[in-house]
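Engineer: Could you have a look at this structure, given as structure tokens, before my questions?
The values are calculated or read from the model by the stated rules, or taken from the named source; none is laboratory data. In this text the structure is predicted, and so the values were computed from the model without any measurement. Neighbour counts run over all protein chains shown; Cβ positions are idealised from the backbone, glycine included.
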Amino acid sequence: MLSLRLLQNCMVFVNTLMLQQVLAQPHWANRLTPRDRHAITPLIRDHVNPYGRYDLDMESHIPILT
């Protein structure tokens with residue numbers, strides 16, 4: 001059970017990093033309204049396939065914005 005919780009937390013963290021990366025682009029900064037920004041959540045999970053094939057690229061990393 002604790003492993004599942006850890007996996008969920010990792011997914012939320014990675015989703016948050018991906019959202020930050022997209023929202024840092026000027027195209028999206030000018031396009032989204034404050035209401036749109038409030039509706040964005042890192043809790044999305046439709047892109048996760050828990051039973052499929054995983055292709056990991058260990059050479060690329062998600063940049064961590066500070």
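Engineer: Can you pull out every residue in region 30-62 that is in contact with a helix residue (DSSP H, G or I) (Cβ under 7 Å, 6 or more places away or on another chain) and not β-branched (Val, Ile, Thr)? Before you say what the answer is, go through the steps one by one.
Structural biologist: So in region 30-62, the residues in contact with a helix residue (DSSP H, G or I) (Cβ under 7 Å, 6 or more places away or on another chain) come out as 40, 42-45, 48, 62.
Result: Pro42, Leu43, Arg45.
Engineer: Evaluate region 44-61: report whether one residue or more is surrounded by 11 or more Cβ atoms within 10 Å (Cβ to Cβ) and at pLDDT 85 or above. Walk me through it before giving the result.
Structural biologist: Within region 44-61, the subset surrounded by 11 or more Cβ atoms within 10 Å (Cβ to Cβ) is 44-45, 48.
Checking which are at pLDDT 85 or above leaves us with none.
Checking region 44-61: not a single residue is surrounded by 11 or more Cβ atoms within 10 Å (Cβ to Cβ) and at pLDDT 85 or above.
Engineer: Okay, moving on. Could you tell me which residue of region 24-33 is farthest from Pro63 (Cα to Cα), considering only residues that are modelled with pLDDT under 85 and in a helix (DSSP H, G or I)?
Structural biologist: Among those residues, the one meeting the criterion is Asn30.
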